[in-house]
Amino acid sequence: MKKQNSILTTPFEKLAFEDLSVFEQKLIEEAKQACQKSYSPYSHFEVGVAMALENGTIIQGANQENASFPAGLCAERVALAVCQAQYTGIAITHLAVMARRANTTAYLPISPCGICRQSLLEVELHQKNNMIVLLPQQNEYFYKIEKAAYLLPFQFDQSHL
Ligand code: THU
């Protein structure tokens, strides 16, 4: 058998909600609240995020869809744009993502899409500060990932240009 190489495995903690810090729990609650800001008449899939900044501010974002589907934006990139425009130069320390189907109350497991991973990576590299990522899994468990870069193996960044 040929030698197998491995470039990256994602280290993560799996934690019950009660085992998250009070701050992390608050962030999850803010991400749930943000789902209400979703404009998703096409997918009926509501995604809400909360981003914590190093100055203590919490920013919410929700997916914003468009009749021209590719013009829509994921919740993560909506929140990133708010942070970059309104809190320029202030590092994002945490990201929590939550999602549910419209007209339902149960939250679903979710993980950022590939484009959002690339966008999160750019910000994380630029700010030189890790962004802790909290993602909901089945049965009220959460994955806690120490930095956004761990979400994206074989990453493309400015060092390639
Ligand atoms: N979506 C997000 O907002 N974030 C994710 O992490 C995954 C997907 C949105 C995009 C689209 O509005 C809907 O979810 C269905 O794909």
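The values are calculated or read from the model by the stated rules, or taken from the named source; none is laboratory data. This structure is a prediction, so every number in the text was calculated from the model and none was measured. Note that we place each Cβ from the backbone using ideal geometry, even for glycine, and neighbour counts take in every protein chain shown. Side chains are part of the model used for accessible areas, which takes the heavy atoms of the whole protein and leaves out ligands, DNA and RNA. Shrake-Rupley method; radii C 1.70, N 1.55, O 1.52, S 1.80 Å.
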Select from the stretch 1-35 the residues that are of a type in the set (K, R), at pLDDT 95 or above and more than 16 Å from the ligand (Cβ to nearest atom) and write down the one among them that is nearest to Y150 (Cα to Cα).
-> K14
A71 vs. criteria exposed (fewer than 13 other Cβ atoms within 10 Å of the Cβ), small (G, A, S), modelled with pLDDT of 95 or more and within 16 Å of the ligand (Cβ to nearest atom) = yes
For A96, indicate whether it is out of contact with any Lys or Arg (no Cβ under 7 Å at 6 or more places or on another chain) and either outside any helix (DSSP H, G or I) or under 20 Å from A16 (Cβ atoms) (or both).
-> yes
Among residues of the stretch 1-22 being within 26 Å of V82 (Cβ to Cβ) and free of Cβ contacts under 8 Å to residues at least 40 places away in the same chain, the residue least open to solvent (accessible area, probe 1.4 Å) is S21
Only one of L120, L135 that is within 16 Å of the ligand (Cβ to nearest atom), out of contact with any His (no Cβ under 9 Å at 6 or more places or on another chain) and assigned to a strand (DSSP E or B) | L135
Can you work out which of the residues in the stretch 36-50 that are more than 8 Å from the ligand (Cβ to nearest atom) and over 9 Å from R100 (Cβ atoms) is least open to solvent (accessible area, probe 1.4 Å)?
-> A50
Listed by first then second residue, the pairs whose first member lies in the stretch 100-117 and is closer than 13 Å to L134 by Cα and among the acidic types (D, E), whose partner is more than 9 Å from the ligand (Cβ to nearest atom) and open to solvent by 60 Å² or more (accessible area, probe 1.4 Å), with beta carbons under 7 Å and at least 6 positions apart or on separate chains, are none
Residue by residue through the stretch 100-110, note down the ones that are open to solvent by less than 60 Å² (accessible area, probe 1.4 Å) and within 18 Å of L15 (Cα to Cα).
-> L108, P109, I110
